[in-house]
Amino acid sequence: MTAIHLDIIHGDHFIRTVQPRPVAANTLWDPLAAARSVPGAESVKLNWLVDRPTYIVTSGDNRVLLDARTGSALPAPTEPEVRQLAAFWFTGEEPLTRVALIDDLPGEVRGRKPPLRRAEFDGWNKPTLYFSPNTGERGLSHRA
């Protein structure tokens, strides 16, 4: 039993709620072509990496990041891009203090596969966001 609501522990209130961003379909690469470009593709998801529309193509445990406008394969997000993502998603006032690529995952992200990018914010409770190092997708948040 806990005296603190689970959403507070998880830090859900620190995560921005966003509405789906409209994008003109005629400006995007065909998602079926995106699926065909990755052997064994099982799904294609439209996502945003900072201000760029992307496709995340899943094939087994592999997730491939493509530019949704051109179909070009994109490199993994850089640390500055992860910092931009963390600043976008985090609604708290604490400053971002560190972004690190981690292989040794803490219990709060159990069930996820390493590695992850951990974005840590200052403050007594050390709010933390986790991102896929390959696609920039936001994972779990945590407030210690």
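The values are calculated or read from the model by the stated rules, or taken from the named source; none is laboratory data. Source: prediction; values computed, not measured. Methodologically, a virtual Cβ is constructed for each residue, glycine included, from the backbone with ideal geometry; neighbour enumeration extends over all protein chains shown.
When you scan region 1-45, how many residues do you find that are under 30 Å from GLU108 (Cβ atoms) and modelled with pLDDT of 95 or more? The total comes to 4. No other residue among THR54, THR135, THR97 is part of a strand (DSSP E or B) and either touching a Leu at 6+ places or on another chain (Cβ under 8 Å) or within 24 Å of GLN19 (Cβ to Cβ) (or both) apart from THR54. When ALA33 is tested against (1) touching a strand residue (DSSP E or B) at 6+ places or on another chain (Cβ under 9 Å); (2) part of a helix (DSSP H, G or I), exactly one condition is not met: (1).
Tell me which residues, restricted to region 92-144, are of a type in the set (Val, Ile, Thr), surrounded by 15 or more Cβ atoms within 10 Å (Cβ to Cβ) and touching a residue at least 24 places away in the same chain (Cβ under 8 Å).
First, pick out the residues of region 92-144 that are of a type in the set (Val, Ile, Thr): 97, 99, 102, 109, 128, 135.
Checking which are surrounded by 15 or more Cβ atoms within 10 Å (Cβ to Cβ) leaves us with 99, 109, 128, 135.
Selection gives VAL109, THR128, THR135.
Can you give me the number of residues within region 112-122 that are in contact with a strand residue (DSSP E or B) (Cβ under 9 Å, 6 or more places away or on another chain) and part of a loop (DSSP other than H, G, I, E, B)?
Pass one, region 112-122, residues in contact with a strand residue (DSSP E or B) (Cβ under 9 Å, 6 or more places away or on another chain): 112, 114-122.
Now narrow it down to the ones that are part of a loop (DSSP other than H, G, I, E, B): 112, 114-115, 122.
Adding up the residues that qualify gives 4.
Of the set (1) more than 13 Å from the chain's Cα centre (by Cα); (2) within 20 Å of PRO20 (Cβ to Cβ); (3) modelled with pLDDT of 95 or more, all apply to SER72 but (2).
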